[in-house]
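Reviewing the structure listed below.
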Amino acid sequence: MRIRTLTGGLAAALVLSCPALTGPAAAVPSARTAQPLAAAGRVLTYDARAAAEFASAVDRGAAIWNASVAGVELRPAASGERADIRIVADDGWPRSLPDSLGRGTVYIGRQAVDQGHSTIRIAAHELGHMLGLPDRKPGPCSSLMSGASAGTSCTNAYPSAAEKAQVEKNFEGALTGALM
Ligand SMILES: [Zn+2]
């Protein structure tokens, strides 16, 4: 009886310490099945239903990231699905509150839009924070994470080569961690 309890406890601990094993990929945990997962990258869902007039700019920003990096994909959450990233329009300055890599809340603040900053650049920049990029201010227009410091004339919404490489690196590590 005592041994059975111990065994049960150990099994539970193993499951908890390796949540990836509960996913469908764990059914056949071979290198063969892990490989396509790594190539496809990690999917993060976003919910732009509270993004009001910025919803299409958010979709554009997500599409730009999807075209720029292979290691992670931003996909709109299905209705009723709990999204990894929630996007909200408000009257403040744009900002991101990440809970962890790829999760959190983005605020598309009207204050910057009213000053003349590009909504798509703002959306892509804030999504960049959710993908683990810090601000690089002041910085040139060629940098997405230079944000508002590049001025209102800057409408570039594409990450630089260095920014793309950093995101690939961030999710390479995250993916390896999830599969381990
Ligand atoms: Zn920023």
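The values are calculated or read from the model by the stated rules, or taken from the named source; none is laboratory data. As the structure is a computational prediction, the values presented were derived from the model and not from experiment. Backbone-built Cβ (ideal geometry, glycine too); neighbour counts: all protein chains shown. Ligands, DNA and RNA are stripped out before the accessible areas are found, and what is left, the full protein with its side chains, is counted by its heavy atoms. Shrake-Rupley method; radii C 1.70, N 1.55, O 1.52, S 1.80 Å.
Quick notes on this structure:
- The set of residues in the range 93-122 being open to solvent by less than 30 Å² (accessible area, probe 1.4 Å) and either hydroxyl-bearing (S, T, Y) or part of a strand (DSSP E or B) (or both) consists of S96, G104, T105, V106, I108, G109, S118.
- Extreme residue, farthest from S56 (Cα to Cα), among residues of the range 122-177 that are at pLDDT 95 or above and among the charged types (D, E, K, R): K169
- Every condition in (1) open to solvent by 20 Å² or more (accessible area, probe 1.4 Å); (2) away from the ligand (no atom under 16 Å from the Cβ) holds for D90 except the one numbered (2).
- Listed conditions (1) open to solvent by 30 Å² or more (accessible area, probe 1.4 Å); (2) of a type in the set (V, I, T); (3) within 16 Å of the ligand (Cβ to nearest atom) are all met by V43, apart from (3).
- The lone criterion from (1) within 18 Å of A51 (Cα to Cα); (2) surrounded by fewer than 19 Cβ atoms within 10 Å (Cβ to Cβ); (3) aromatic (F, W, Y) left unmet by Y158 is number (1).
- Meets criteria (at pLDDT 95 or above and within 19 Å of I64 (Cβ to Cβ)) for T119: yes
- Qualifying residue in the range 80-90 (condition: free of Cβ contacts under 8 Å to residues at least 40 places away in the same chain, farther than 17 Å from A50 by Cβ and in a loop (DSSP other than H, G, I, E, B)): no
- Subset of the range 123-145 [more than 9 Å from the ligand (Cβ to nearest atom) and part of a helix (DSSP H, G or I)]: A123, A124, L127, M130, L144
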